[in-house]
Number of protein chains: 2
Amino acid sequence: MTNKSTEDYLKHIFWLNRLVEKVTTKSIADRMGISSASVTDMIKKLTHNGYLIYEPYYGVKLTPRGEKLAIHVIRRHRLIESFLVTALGYAWDKVHDEAERLEHVISEEMEFRIDQFLGYPKFDPHGDPIPSQDGVLEESTLLPLSQLDIGESGIIQRISDSTSLLNYVGRLDIALGTRLAVEAKEVFDGSTKVKVDNKKVLHLSRDAADQIFIKSNSQKKIIKKKNRGKENA
Amino acid sequence: MTNKSTEDYLKHIFWLNRLVEKVTTKSIADRMGISSASVTDMIKKLTHNGYLIYEPYYGVKLTPRGEKLAIHVIRRHRLIESFLVTALGYAWDKVHDEAERLEHVISEEMEFRIDQFLGYPKFDPHGDPIPSQDGVLEESTLLPLSQLDIGESGIIQRISDSTSLLNYVGRLDIALGTRLAVEAKEVFDGSTKVKVDNKKVLHLSRDAADQIFIKSNSQKKIIKKKNRGKENA
DNA sequence: GCTATTATTTAGGCATGTCTAAATATTATA
DNA sequence: TATAATATTTAGACATGCCTAAATAATAGC
């Protein structure tokens, strides 16, 4: 079996790869909150073990083997989150940390039994797609709230799985399924003014609006957008 | 939080204490399958952290703090085993290893939610008592099969939670609730000949008969008996 | 194109938990 | 009780994964 560190590095690298052009030593260090020197060491080990290809200053790329393991960890994470909500009645915005630890210790059998218990779900409680058993992770076709134009509206389909974000939106009383309409966008700081369910009006920061995903009424082109931050599972 | 090693040492010491008079460095090393030198090191750390009192050649004793943590780990282990059986349909003799890993990572909240989900059970799937939330572990009043006399019979209430034993009894097709009657006992090796549910006849080794516990029809005195082996949770 | 900034690696450490081999202490036995 | 057997500890290593400080390499800006 692989160990926790390996799984964590590969998971973070997998997500970084969707966020930035080059997954460099420093970007990994920043994301994981550790020193670059430590990352250098681990990159050597992961490369040695066939999970990565590395070119200094250019960055790392996951090998098929590395990507497979990363996606497997994400699958376990999302299945566990779903299970905690469904079987144990956890609030959907409180499952992240528990899953973060459990994802490294459950057996294949437990993974399978959870999947079965849940009826082979396609999405987790945040609206994130659950990778299939054979390692396929669906690409999202949803738009971040930050890309909706003024006057557009839609329903929240996914909210990035980050503890601080979920805490925040939890306090705002919005969740998956909530309908939002964009009333205004502030050029200065990129914040968005939205009307919630035709009632309350909220101001969401650029950061938040980047991580809240909408199925728009007028579903339009998806623009490849680079943001940053420690979202995802 | 405490770490896995600390929890494992304390758990093993707790059980050893019920099995042998003196929990020595060597007995811990043997039980855990590691070297005595390693145990010496860890005893120092655990003593330093207030979990143990140690006297060379005499052995270790858990402090109240150490015993509390050991029992807490046992509680988590047994709740997890129960949960895997009840919620995920695991076979009762296949949950040990999974629980062995999960017991070190679940949160207090998860422990509580599992307990609640199960309806605050008093016993796990092997018939072992689950320690209460405030750290009380019931003493068993059951008799090991090895102590029944010829002609006595009873029902299996508990089978020690050891992977190899459970594997063995699983193949023999006996489980909690099975009625056994003692037909003969072999003086030479301590083995027991039992009739199962008035049908099949089985020969059980001394080792197995020590770890299968019976509620006898003629419930009699409990004799403090010392056995050995890596049973328990 | 050179210098300043930034990124990366190396060197040397530390903590954890394990090992083997050798030294030392204790207990058991003849 | 002396010696043999056993238990324990010490010494020196190793792997993992992290650190800081210093050295080196690359990129960016003037």
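Just so it is clear, none of the values below were taken in a lab; they were calculated from the coordinates. Only a predicted model underlies this, so the values are computations on that prediction, with no experimental measurement involved. Every residue, glycine as well, gets a Cβ built from its backbone with ideal geometry; the counts of neighbours run over all protein chains shown.
Can you give the extra length, in nm with one decimal, that the chain gains between A:Asp173 and A:Asp149 once fully stretched, where that is 0.36 nm per residue apart less the Cα-Cα distance? It would help to have the intermediate numbers written out before the result.
On the way: separation 24, 0.36 × 24 = 8.64 nm, distance 2.27 nm.
So the chain would gain 6.4 nm between A:Asp173 and A:Asp149.
Plugging the Kirkwood radius over Cα pairs into Stokes-Einstein for region B:171-214, at a temperature of 4 °C and a viscosity of 1.567 mPa s, what D comes out in µm²/s?
121
Across peptide B:112-122, how many C-beta atoms of other chains are within 10 Å of each residue C-beta, on average? Spell out each step's value before the answer.
Details: counts 1, 6, 2, 0, 2, 3, 0, 0, 0, 0, 0.
What the average comes to for B:112-122 is 1.
Take every residue in peptide A:98-106, count the Cβ atoms of other chains within 10 Å of its Cβ, and give the average of those counts.
Shielding by partners across A:98-106 averages 4.
Round to the nearest 10 and give me the degree value, 0 to 90, for the angle of helix A:163-172's Cα axis relative to the longest principal axis of chain A.
Helix A:163-172 and the main axis of chain A meet at about 10 degrees.
If you take the C-alpha gyration tensor of region B:81-131, multiply each eigenvalue by 5 and take the square root, what semi-axes do you get, largest first, in whole Å?
15, 14, 10
Please sort by residue number the trypsin sites (Lys or Arg not before Pro) in region A:123-212 whose DSSP state is loop and whose Cβ has at most 15 other Cβ atoms within 10 Å.
Hits after loop and neighbour filter: A:Lys199, A:Lys200.
With axes computed from alpha carbons, what is the tilt in degrees of helix A:64-88 against the longest principal axis of chain A, rounded to the nearest 10 within 0 to 90?
50
List the relative contact order of region A:1-140 as a percent without decimals, with contacts defined as Cα pairs under 8 Å and 6+ residues apart.
Values: 152 pairs, mean separation 29.8, N = 140.
Relative contact order for region A:1-140 comes out at 21 percent.
When the helices in chain A are scored as -39500 (n - 2.57) per DSSP H run of 4 or longer and the sum is shared across all residues, what 222 nm value do you end up with, to the nearest 500 deg cm²/dmol?
Here the helix-only value at 222 nm equals -12500 deg cm²/dmol.
So what are the three principal axis dimensions of the protein assembly as shown from its Cα atoms, in whole Å, longest to shortest?
Extents along the principal axes: 89, 46, 40 Å.
Between region B:191-210 and region A:11-30, what's the alpha-carbon centroid distance in Å?
Cα centroid to Cα centroid, the span is 61 Å.
Under the Kirkwood approximation applied to all pairs of distinct alpha-carbon atoms, what is the hydrodynamic radius of region B:19-111 in Å?
About 14.9 Å for region B:19-111.
For q = 0.11, 0.12, 0.21 Å⁻¹, what log10 I(q)/I(0) does region B:74-231 give under the Debye formula with an equal point scatterer on each alpha carbon and no solvent?
Per q value, in the given order, log10 I(q)/I(0) is -0.46, -0.54, -1.35.
Say R0 is 41 Å: what FRET efficiency, to the nearest 0.05, do B:Ser205 and B:Phe112 get from their beta-carbon distance?
On the way: r = 40 Å, r/R0 = 0.98.
Efficiency for this residue pair is about 0.55.
Show the residues, 5+ positions off or on another chain, whose built amide H is closer than 5 Å to the amide H of B:Ala184.
Answer set, sorted by chain and number: B:Lys193.
Region A:1-158: Rg/Rh from Cα coordinates, Kirkwood Rh?
Radius of gyration over Kirkwood radius for region A:1-158 works out to 1.00.
Cα-based Rg (one decimal) and Dmax (whole number) for region B:103-161, in Å?
According to the Cα coordinates of region B:103-161, Rg and Dmax are 15.2, 48 Å.
Just the Cα atoms of region A:1-64: what Rg and Dmax do they give in Å?
For region A:1-64, the Cα radius of gyration and maximum Cα-Cα distance read 10.4, 31 Å.
If amide H atoms are built 1.01 Å from N in the plane of the peptide, which residues on other chains or at least 5 residues away come under 5 Å of the amide H of A:Leu143?
A:Ile214, A:Ser216
About the Cα centre, and with charges only on the beta carbon of Lys, Arg (+1) and Asp, Glu (-1), how big is the dipole of region B:35-88? Nearest 20 debye, please. Write out the running numbers ahead of the final one.
On the way: 8 positive and 4 negative charges, 37 e Å.
Around 180 debye, computed over region B:35-88.
Excluding same-chain residues fewer than 8 positions from B:Lys185, which aspartates and glutamates have a Cα within less than 14 Å of its Cα?
B:Asp149, B:Glu152, B:Asp207, B:Asp210
Which residue, A:Tyr57, A:Tyr90, A:Tyr168, has the most motion in a Gaussian network model of chain A that connects Cα atoms within less than 10 Å?
A:Tyr57
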